[in-house]
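Down below is the structure, laid out as structure tokens.
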Amino acid sequence: MKITKICCIGAGYVGGPTMAIIAQKCPHIQVTVVDLNAERIAAWNDEDQNNIPIYEPGLSDIVAEARGRNLFFSTDVDKAIDEAQIIFISVNTPTKTYGKGKGMAADLKYIELCARQIAKIAKDDKIVVEKSTLPVRTAEAIKSILDNTGNHVKFQILSNPEFLAEGTAVQDLLNPDRILIGGDPSAEGQEAIQALVEVYSNWVAPEKILTTNVWSSELSKLTANAFLAQRISSINALSELCEKTGADINEVARAIGTDSRIGPKFLKASVGFGGSCFQKDILNLVYIAKSYGLNEVADYWEQVIIMNDHQKKRFANKIVQTLYNTVSDKKIAFLGWAFKKDTNDTRESAAIYVANDLINEHAQIAVYDPKVSHKKVLNDLDYLESRTAEKNANAISSFDSPYEACKDAHAIAVLTEWDEFVHYDWQKIYDSMQKPAFVFDGRNILDKKALETIGFVYQGIGS
Ligand code: NAD
Ligand code: UGA
């Protein structure tokens, strides 16, 4: 099948960048990204390319190049479904907040809505691609809905999980380690796989395009995130032991990372991992294992989350303890609120939980993040429902300048590893702070020796 029209349902952190790259690399394919969220679509269509809803280095230029040529953002979901040969489902799959599986299972209501919408609209055969991260065997449910509620056209369901990381999405999409496509072993299934392989072949080398059965592909995505998160929890667990023993976690990470079997990546000790996916996907994995009665498997992976929660709590506790066991009415400056650098995404950011713990201790938090608005900071805190919105608003403020955020502070906590933090005038910051001036570097990015020479009391993670 020659693909000329693609539709993607969901214009979020995955749908937007992924489709922008497909449009850029496949000028012969018309790509339409649709979303129910009219505000988000309007932002993608904003004449000023800097106003697109997602901050990703390099993305706005690519959108500007392709938008209106063969890349379109629209709220007309039905029209885009009707016209496309391939429909990507890239909607959110958050952890359930109600009912069976609450707090663990993936909430598939948005996925089901998409399947029902596709079934209702499709008048010719379609390839439906799971781009969202889904529990293993979701394709079965999608197929059942499509086949039982559709207009008797044929559907092929592929799993094509996305492995991009935020902050490096453009590079990850342009040079992926691999593209994974799972499909049905039947001749029709293989034909569908081939159609999608051809799309990616416009810029990805054939040996990097892996094809599997649907279940392997679905499960590989959860597995990849579980392994990545496990590495962070492993290094963070050892960071606590380093703090007790005089070993230095950065040195330990370098020493083990040079073993080619272990490898150097993803061994940075931190205040804890955040982001919309690691926790959600592991909880989902744990839930699936439990649903098959595999309790040891479930417990094994759950420990990754337990350790991460512990790391975030430990960081907040350390601040309180070091500041003479009280932070009441003390200004604590937060450098960074995003869950990692080079993104404006704050979902599950460690900063939210550390701030919440410190506000429980009556601290005054002053945030500086180069890409996160105060509105988002407040929304994140309110979402925890720990106290009233008014109390949150009184306890936390945001600043446009890091120097203003740090002025008169008793301590600075580094929550995100933004590059610019390293290059500040730290003498100027020191001079404006209460003394002793403490720095809690939750990312181990600052120069400990230089800060101590200035007069700071510096504490990193794992040393
Ligand atoms: P997101 O919340 O940023 O975007 C999802 C979008 O889907 C929203 O804009 C929402 O309005 C829209 N939507 C929901 N239901 C809809 C419907 N029925 N019709 C039309 N639009 C609808 O989410 P995201 O971060 O892009 O993640 C999407 C999926 O990709 C998730 O399953 C996630 O686990 C997975 N994933 C995310 C990342 C990442 O870095 N964020 C990476 C890999 C995989
Ligand atoms: C992660 C995976 O890296 C992607 O492959 C995957 O597609 C994506 O999840 C997803 O499914 O959503 P992302 O969450 O965007 O990507 O960013 P990461 O770079 O993985 O960082 C996640 C968190 O771990 C961040 O808070 C980061 O600061 C933290 N981290 C990362 C560490 O604390 N130490 C490290 O060594 C690496």
Checked pairs for region 414-442, first in the same structural domain as LYS330 (by TED's automatic domain parsing) and closer than 18 Å to THR343 by Cβ, second part of a strand (DSSP E or B) and open to solvent by less than 30 Å² (accessible area, probe 1.4 Å), C-beta under 6 Å and 6 or more apart or across chains, list as VAL414/LEU335; VAL414/ASP441; LEU415/PHE334; PHE421/LEU335; GLY442/VAL414
In region 126-159, residues that are of a type in the set (D, E, K, R) and without any contact (Cβ under 8 Å) to a residue 40 or more places away in the chain total 4
Entirely in region 155-214, the strands (runs of 3 or more DSSP E) that have 3 or more residues that are in the same structural domain as PHE88 (by TED's automatic domain parsing) and open to solvent by 40 Å² or more (accessible area, probe 1.4 Å)
none
Options LYS268, LYS318, LYS221, LYS313: the member that is within 14 Å of ligand 2 (Cβ to nearest atom) and closer than 26 Å to ALA366 by Cα
LYS268
Suppose the filter is open to solvent by less than 30 Å² (accessible area, probe 1.4 Å) and in contact with an Asp or Glu (Cβ under 7 Å, 6 or more places away or on another chain); does ALA122 pass it?
no
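Yes/no per residue for (1) within 10 Å of ligand 1 (Cβ to nearest atom); (2) open to solvent by less than 60 Å² (accessible area, probe 1.4 Å):
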site	(1), (2)
LYS79	no, no
ILE87	no, yes
VAL91	yes, yes
GLY101	no, yes
ALA105	no, yes
TYR110	yes, no
ARG116	yes, no
Could you list, in sequence order, all residues of region 155-178 that are more than 13 Å from ligand 1 (Cβ to nearest atom) and closer than 18 Å to ALA205 by Cβ?
GLN171, LEU174, ASN175, ASP177, ARG178
Conditions (1) among the β-branched types (Val, Ile, Thr); (2) open to solvent by 40 Å² or more (accessible area, probe 1.4 Å); (3) touching a residue at least 60 places away in the same chain (Cβ under 8 Å); number of the one not met by ILE445:
(3)
Considering only region 377-415, state which residues are assigned to a helix (DSSP H, G or I), under 16 Å from GLN434 (Cα atoms) and open to solvent by less than 30 Å² (accessible area, probe 1.4 Å).
PRO402, ALA405, CYS406
Does THR343 fit the bill of being modelled with pLDDT under 95, within 26 Å of LYS268 (Cβ to Cβ) and open to solvent by less than 10 Å² (accessible area, probe 1.4 Å)?
yes
Is it true that some residue in region 251-258 is open to solvent by 10 Å² or more (accessible area, probe 1.4 Å), touching a residue at least 12 places away in the same chain (Cβ under 8 Å) and not hydroxyl-bearing (Ser, Thr, Tyr)?
yes
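The values are calculated or read from the model by the stated rules, or taken from the named source; none is laboratory data. Every value quoted in this text rests on a predicted model; they were computed, and no experiment measured them. We place every Cβ from the backbone using ideal geometry, glycine too, and count neighbours over all the protein chains shown. In case anyone asks, the SASA skips ligands and DNA or RNA and just uses the protein heavy atoms, side chains included. Shrake-Rupley method; radii C 1.70, N 1.55, O 1.52, S 1.80 Å.
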